[in-house]
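Peer 1: Here it is: the structure, laid out below.
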Amino acid sequence: MTVEKSPDRGLPPLTVSSTDDPRVVDEAAREDYTLHVTPRSWRMGRLSLASAWWAVASAMFWLILGALVALAVGTVDAIIGMVLAAAAYGGINAVFSRYAARTGLTSNLFSRALFGSRGSILAPILVAATAVYFACFEGSVIAIALEAYFGVLPLPLWYLVVVLYSVPLIFGPLRLFLDKFNGALFPFYVLGLAGAVGWTIAEFGYDGAWLTQRPETVAVSGPGWWWAFTVYLADFVLMMATWDYARLGRPTRRDERFHSWITFGPVFYLVTIVVNGVAGIFVALTIPTEGELTEVSGVLGIVGLMGLSGVAFVWVSQTRINTTNFYLSVINLESFQSRITRVRLSRITWGVVVGGIVYLIMLSNVFDYILVALRYQAVLAVTWTACALAFISTARWTGADPARAEWRPGRVPRYNRVGLAAWAAGTFTGFALLAFGDQTSWTGTWALPLAFGVSAAVQVAGSLVDRQRGRAVLHRPHDPRDEVEDMWETRIRCHVCDRSYVAVEMDRDPSAGHAAICADHAQADAAFAAAARAEAQRPVPGPRPG
């Protein structure tokens with residue numbers, strides 16, 4: 001039921017309802033609330049969300065990376081580094097998953113709280129670019145396996161085959177298809193991984209020497225286990241991806257506990273990093289390969305050993321992870337494009353665009369440069385993570401309610417100087433260290449940890465000062481959140497698009513007589529932004545928000 005609610009302050013009444021707008025639900029069935037807060041009515045069950053996210057665990061990347069690290073520093077140091085990485089990933093993502101579920105925000109929307117309504121524009125393009133690179137990597141692995149076993153077509157056409165079947169998989173929303181698709185394939189991945197290990201033992205026997213393998217000369221700076229740990233930090237973009245999935249979790253104590261431990265937390269990373277890594281080490285050190293181990297030789301070794309079963313294992317593992325890569329690419333490119341133009345492209349159109357980009361990059365032989373590109377992108381992801389973790393920590397220290405986190409375009413500054421300074425300081429540190437040496441040098445080893453530390457320190461110090469001085473948000477009157485009984489269960493109609501969204505994302509538009517406006521249209525409306533800034537400069541009675 002839709003009713004008119006008057007605030008009795010000379011403001012236009014709010015048009016509110018207690019049920020979802022059917023037009024919004026129809027759009028969400030294609031767009032997954034990419035540009036809006038995810039209402040609690042759109043959240044997923046525990047197992048469904050876990051099924052969708054655990055696709056990340058099946059990437060061949062984890063097997064190959066574990067083997068490459070072990071060849072560089074030895075098996076024992078590699079495993080120690082993996083365990084430390086799993087603990088770091090699991091601990092941080094346990095915090096992030098809870099926060100995302102309570103706020104319903106994507107990494108893009110949350111970045112507005114960190115860096116401002118305009119300063120956050122880099123966040124979605126960072127996630128999208130990294131996901132595109134990984135889609136190229138994982139897709140190339142499938143194509144190489146298919147070409148090696150079946151032949152018939154040249155490799156560029158196998159690339160095209162992989163892209164053509166991958167793109168349609170992400171046309172629908174996460175909660176209505178991908179969870180079921182990836183859940184159905186998960187048992188086959190487990191069987192394939194176990195089969196690869198068992199097949200290796202049956203063919204070559206078992207020799208425990210792989211557990212104590214160590215190169216004659218360890219050509220890395222610092223302890224081997226520390227170097228191994230820092231190598232895994234390069235995939236910290238998963239922290240940002242966690243937000244885009246965890247926002248779909250239900251904010252109940254039971255669900256939060258499940259997701260913080262199993263779906264996104266320590267259990268997930270124990271399997272993803274440690275179990276996959278150890279399996280990759282054993283298989284790579286047991287199966288003979290021509291020349292040194294690479295991503296290509298590792299895949300060819302599995303296909304050569306297992307035949308059609310190996311091809312099926314590679315297809316299942318890589319198809320599952322590529323649903324995540326394509327999904328993240330599409331929703332974040334949607335978010336980025338919405339920041340620079342009001343033109344809206346459909347999910348299908350974005351899927352085709354991403355597929356074309358992925359195919360073109362595949363043709364350039366992605367294995368030649370992907371690791372170099374990802375090293376620099378990793379700095380941006382690591383420093384974003386540091387800023388986000390510090391932001392959440394300082395909010396807790398000051399007793400702020402996560403459910404009322406302020407990120408709306410008219411209530412945060414255009415450029416948050418604290419967040420941008422923290423991100424820039426850490427990024428400069430990381431880039432500078434990477435520029436002075438390769439990944440095995442002292443500077444390469446310490447680039448990501450030091451970048452993380454610098455960003456976190458600047459963010460904590462600056463946030464505490466800004467909160468004390470009331471500069472963290474724009475102090476404006478007439479907040480729709482305060483005009484309804486339940487900001488999560490009440491929907492308010494936007495005067496621009498005539499659609500109703502949960503009150504937690506709505507604001508009043510001072511450029512239109514204080515009519516209600518949704519977050520998406522507020523972000524792109526220059527008149528609203530100017531009027532909101534002007535209104536924030538006028539004194540407002542009451543305590544200043546932090």
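The values are calculated or read from the model by the stated rules, or taken from the named source; none is laboratory data. Everything numeric in this text was worked out from a predicted model, so none of it was measured. Neighbour counts are summed over all protein chains in view; Cβ atoms, including those assigned to glycine, are modelled from backbone coordinates with ideal geometry.
Peer 1: For segment 391-402, give me each residue that is more than 17 Å from ASN108 (Cα to Cα) and assigned to a helix (DSSP H, G or I).
Peer 2: Within segment 391-402, SER393, THR394, ALA395, ARG396, TRP397 meet the criteria.
Peer 1: Here is a list: GLY426, GLY453, GLY444. Which entry is over 19 Å from SER120 (Cα atoms) and modelled with pLDDT of 95 or more?
Peer 2: Every option except GLY453 fails the conditions.
Peer 1: Scan segment 227-247 and give yes if some residue there is surrounded by fewer than 16 Cβ atoms within 10 Å (Cβ to Cβ), modelled with pLDDT of 90 or more and over 14 Å from GLY66 (Cα atoms), otherwise no.
Peer 2: No; the residues of segment 227-247 include none that is surrounded by fewer than 16 Cβ atoms within 10 Å (Cβ to Cβ), modelled with pLDDT of 90 or more and over 14 Å from GLY66 (Cα atoms).
Peer 1: Taking the conditions exactly as written (surrounded by fewer than 17 Cβ atoms within 10 Å (Cβ to Cβ), aliphatic (A, V, I, L, M) and closer than 23 Å to VAL330 by Cβ), does ALA184 satisfy them or not?
Peer 2: Judged against the criteria, ALA184 is a match.
Peer 1: Something else now. Would you be able to say whether some residue in segment 42-54 is within 16 Å of the chain's Cα centre (by Cα), buried (at least 24 other Cβ atoms within 10 Å of the Cβ) and assigned to a loop (DSSP other than H, G, I, E, B)?
Peer 2: no
Peer 1: Out of GLY430, GLY437, report the one residue that is of a type outside the set (Val, Ile, Thr), in a loop (DSSP other than H, G, I, E, B) and not assigned by TED's automatic domain parsing to the domain that holds PHE236.
Peer 2: GLY437
Peer 1: Name the residues in segment 420-444 that are in contact with a Gly (Cβ under 7 Å, 6 or more places away or on another chain) and surrounded by 23 or more Cβ atoms within 10 Å (Cβ to Cβ), would you?
Peer 2: Within segment 420-444, ALA422 is the sole residue that qualifies.
Peer 1: Among the listed residues THR106, THR38, identify the single one that is surrounded by 23 or more Cβ atoms within 10 Å (Cβ to Cβ) and in contact with a Pro (Cβ under 9 Å, 6 or more places away or on another chain).
Peer 2: So the residue among THR106, THR38 that is surrounded by 23 or more Cβ atoms within 10 Å (Cβ to Cβ) and in contact with a Pro (Cβ under 9 Å, 6 or more places away or on another chain) is THR106.
Peer 1: If you don't mind, there's one more thing I want to ask. Quick check on segment 315-360: of everything there that is of a type in the set (A, V, I, L, M, F, W, C) and part of a loop (DSSP other than H, G, I, E, B), which residue is surrounded by the fewest Cβ atoms within 10 Å (Cβ to Cβ)?
Peer 2: VAL343
Peer 1: crowded, with 24+ Cβ neighbours inside 10 Å, touching a residue at least 40 places away in the same chain (Cβ under 8 Å) and not aliphatic (A, V, I, L, M) - does that describe any residue in segment 61-72?
Peer 2: For segment 61-72, residues crowded, with 24+ Cβ neighbours inside 10 Å, touching a residue at least 40 places away in the same chain (Cβ under 8 Å) and not aliphatic (A, V, I, L, M): present.
Peer 1: Moving on to the next point. Cβ-Cβ below 7 Å, separation at least six or inter-chain, first residue in segment 341-357 and in the same structural domain as VAL167 (by TED's automatic domain parsing) and of a type in the set (Val, Ile, Thr), second at pLDDT below 85 and surrounded by 12 or more Cβ atoms within 10 Å (Cβ to Cβ): which pairs?
Peer 2: The qualifying pairs are ILE348/PHE171.
Peer 1: Follow-up. For segment 363-384, indicate whether the set of residues that are modelled with pLDDT of 90 or more, surrounded by fewer than 17 Cβ atoms within 10 Å (Cβ to Cβ) and farther than 26 Å from ALA532 by Cα is non-empty.
Peer 2: no
Peer 1: Which is of a type in the set (Gly, Ala, Ser) and farther than 27 Å from ASP207 by Cβ, of SER309, SER260, SER317?
Peer 2: SER260
Peer 1: If you don't mind, there's one more thing I want to ask. For segment 206-308, which helices (runs of 4 or more DSSP H) that fit wholly inside it have 2 or more residues that are under 30 Å from ASN108 (Cα atoms)?
Peer 2: Per the criteria, 224-232, 237-246, 253-258, 266-269.
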